Structure formats: C-alpha cells, structure tokens
Amino acid sequence: MADDKDVLRDVWFGRIPTCFTLYPDEVTEREAEPFYLLLPRVSYLTLVTDKVKKHFLKVVKAEDVEEVWFEYEGTPLKWHYPIGVLFDLHASNTALPWSVTVHFKDFPERDLLHCPSSSVIEAHFMSSIKEADALKHKGQVIHDMQKKDHKQLWMGLQNDKFDQFWAMNRKLMEYPTEEGGFRYVPFRIYQTLSERPFIQRLFRPVSAEGQALTLGDLLKEVFPAAMCQDDEPKRYQVLVHGIEPLLETPIQWLSEHLSHPDNFLHISVVPVASD
C-alpha cells in the first residue's frame with residue numbers, strides 16, 4: 001500500500017471528548033458526578049468504557065445493576081458500530097463534549113445486541129476483518145495468517161497500540177500492482193433517517209477500462225441522493241472519520257488509509273444542519 005503513515009496515525013489517534021452522565025431515573029446512593037473521557041474514534045464503546053462503569057457503579061445500588069448501555073438524546077448507541085461512526089451519525093452537528101447517557105437497567109432488547117464480555121467484541125471485530133478480506137482478496141490473506149497474527153490485530157486495537165496493529169494490518173492492505181486495487185472495496189454507508197442498518201454492495205475500485213474510481217463514483221452508483229446537483233443547495237454531508245473527503249478522492253486510497261481497524265470504510269451520510 002502507499003505509505004502515508006501520517007494519515008494512518010491521524011486516523012488511529014482521532015479522539016472525541018465525551019461527557020458521560022447517569023440516567024436520572026437510576027437509583028443512586030449519592031449524587032453521580034459526570035465522567036469525562038477522550039474516546040478513540042476507531043474503537044467500540046463497550047471496549048473503552050470500563051472506567052465509566054466503575055465510576056457510576058460507586059453510586060448505583062448493586063441490586064439495580066443489570067447490563068450497562070449508552071444512549072444519546074434518546075437513541076440507544078449500538079456498541080458494534082465504531083465510536084466515530086456513532087458520533088458522525090448522531091452528533092456531528094453538536095457542540096463538544098459529546099453528551100452520552102449511561103444506563104444500568106431497562107436494556108433495549110429491540111435496538112441493541114448484548115455485550116456480556118470483551119470476547120463478544122473480539123468475535124465481532126474478527127468476523128468483520130474476515131468479511132472485508134473476502135471482498136478484497138477472496139479471504140486469502142487472513143486465511144494465511146496464523147492464530148497469533150489474528151490475536152495481534154485484536155490486541156493492537158484493544159490496547160490502543162498503533163504499531164502493533166499496523167505491523168499486521170499492512171498485509172491486509174496489499175494488492176498486486178497490476179490490478180490497481182482490491183477485488184472489491186469493503187464499505188458501509190450509514191444514514192440517520194433509515195430503517196436499514198447500512199448499505200453494502202460489491203464495488204470495484206477500478207473500472208473495466210482500468211480507470212481509478214472515486215468516492216463520487218461510489219455514491220453515484222450506491223447512494224445517488226447524497227450527490228448534489230450544481231443548481232441545488234447541499235442536502236447531505238458525507239463523513240468519514242468526521243471529515244468530508246473530496247468526492248474526487250480515489251476509493252482505493254480511502255479504503256487503504258481511512259478504513260477502520262475492522263478494514264471497512266465506514267461512510268456516514270447525514271443531513272446538513274439547518275441554521
């Protein structure tokens with residue numbers, strides 16, 4: 001892959017200042033102070049919130065503790081989406097810090113998956129990496145890795161170790177030079193106002209004529225509503241890691257440099273905030 005290590009580093013170390021507060025109806029022994037944390041965009045809520053849980057468990061009655069879950073302005077936050085995606089989707093137009101509410105009971109079964117342990121997060125993460133590699137290399141690269149290599153990817157994410165993760169992840173980002181890119185680009189497009197969890201289709205990064213395809217080409221084919229005509233006001237923001245990449249950016253470059261650790265390019269399409 002092209003070695004833009006500074007870009008990879010900037011993506012990895014992206015943080016969201018967050019203020020966690022306890023849901024007012026939770027019964028407490030004493031007043032619960034808010035808890036502030038810099039959340040890594042590339043990680044998962046249930047993986048990085050042990051300190052939050054410990055903080056609020058000091059004031060919540062033990063008999064009232066069920067499974068912890070989080071919400072933002074009434075919307076339960078899906079722990080299996082990367083944190084950066086959750087923020088871009090639900091809160092990209094709000095002031096920081098991001099205000100997240102913590103619950104210990106009344107788990108919303110219809111909206112969220114249970115997450116009893118970090119092994120559930122690891123299984124989800126590795127499943128995504130394998131799916132992405134099936135799209136990119138017919139699963140060959142991840143298949144050729146040893147179990148300890150898989151573990152290195154997971155431990156790199158879990159412990160926030162950039163070099164440890166990328167020493168192994170580089171292999172998943174390689175492709176034969178003559179092909180000009182991956183077989184297909186692993187991507188997911190999310191919308192705030194949609195019943196569908198996300199859009200995911202097969203999309204090649206290079207046209208049949210050998211032309212590098214762009215983010216704009218992907219959107220035209222998969223989600224044309226996100227494209228703005230010359231004479232109309234902009235209706236949507238297209239966000240990847242909180243920024244709006246130029247539509248002319250080659251999708252192969254984005255896939256190599258702005259994918260999350262799960263190897264998917266997560267794209268959030270959100271309505272432009274009205275003044």
task: Counting only heavy atoms of the protein chains, get the accessible area per residue of the chain (1.4 Å probe) and round it to a whole Å² value.
output: 51 Å²
message: Going 7 Å from the Cα of residue 138 along its beta-carbon direction, which residues of the range 171-202 have the amide nitrogen within less than 19 Å of the resulting point?
response: 172-186, 202
Cut-off of 10 Å, at most 11 other beta carbons, DSSP loop: longest stretch of the chain lacking such GluC sites (Glu not before Pro): 110-194
query: In the range 126-275, how does Rg compare with the Kirkwood Rh, expressed as the Rg/Rh ratio over alpha carbon atoms?
result: 1.00
query: In deg cm²/dmol, rounded to 500, what helix-only [θ] at 222 nm does the chain give when every DSSP H run of at least 4 residues adds -39500 (n - 2.57) and the total is split over its residues?
result: -9500 deg cm²/dmol
Options 117, 255, 102, ranked by Cα towards positive dipole end of the chain, top entry (Cβ charges): 117
query: Which value, in Å² rounded to 10, gives the accessible area of residue 192 with a 1.4 Å probe and all protein chains present?
result: 60 Å²
query: Accessible surface of residue 151 in the full protein assembly, 1.4 angstrom probe, to the nearest 10 Å²?
result: 90 Å²
query: Within the set 53/136; 171/220; 5/54, which residue pairs have Cα atoms separated by over 32 Å?
result: 53/136; 5/54
- request: Give me the distance in nm between label points sitting 7 Å out from Cα along the Cα-to-Cβ direction at residue 243 and residue 111, one decimal.
  value: 3.2 nm
Percent of Cα pairs exceeding the 26 Å cut-off, where the set is the range 1-147: 34 percent
field: Where a label projected 7 Å from the Cα of residue 155 along Cα→Cβ would reach, residues of the range 117-146 with amide N under 20 Å
entry: 118-127, 129-130, 142-146
Cβ-placed point charges (K, R +1; D, E -1), dipole of the chain about Cα centre in debye, nearest 20: 760 debye
statement: Carbon and sulfur atoms account, in whole percent of the 1.4 Å probe accessible area of the range 144-234, for 48 percent
- request: Quick one: pull the percent of accessible area on the range 7-110 belonging to carbon and sulfur, 1.4 Å probe, ligands and nucleic acids left out.
  value: 50 percent
- line: Amide H proximity to residue 206 below 5 Å, modelled H, separation 5+ or other chain, gives 213
- line: Here the net charge surrounding residue 87, from other residues whose Cβ is less than 11 Å away from its Cβ (Lys, Arg +1; Asp, Glu -1), is +1
- request: Go from 0 up to the bin containing the longest alpha carbon distance in the chain, width 5 Å each, and give me the % of pairs per bin.
  value: 1, 5, 12, 16, 17, 16, 13, 9, 6, 3, 1, 0, 0, 0
- prompt: Tally Lys/Arg at +1 and Asp/Glu at -1 over every other residue whose Cβ is under 15 Å from the Cβ of residue 116; what's the total?
  reply: -4
- prompt: residue 63 to residue 195: extension gain in nm, 0.36 nm per residue of separation minus the Cα-Cα distance?
  reply: 44.0 nm
query: Based on the Cβ-Cβ distance of residue 212 and residue 130, what FRET efficiency does E = 1/(1 + (r/R0)^6) give at R0 = 25 Å, to the nearest 0.05?
result: 0.40
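The values are calculated or read from the model by the stated rules, or taken from the named source; none is laboratory data. All figures in this text were calculated on a predicted structure; none of them were measured in a lab. Positions of Cβ are backbone-derived with ideal geometry, glycine not excepted, and every protein chain shown enters the neighbour counts. Remember, those area values only see protein heavy atoms, side chains included, never the ligands or the DNA or RNA. Shrake-Rupley method; radii C 1.70, N 1.55, O 1.52, S 1.80 Å.
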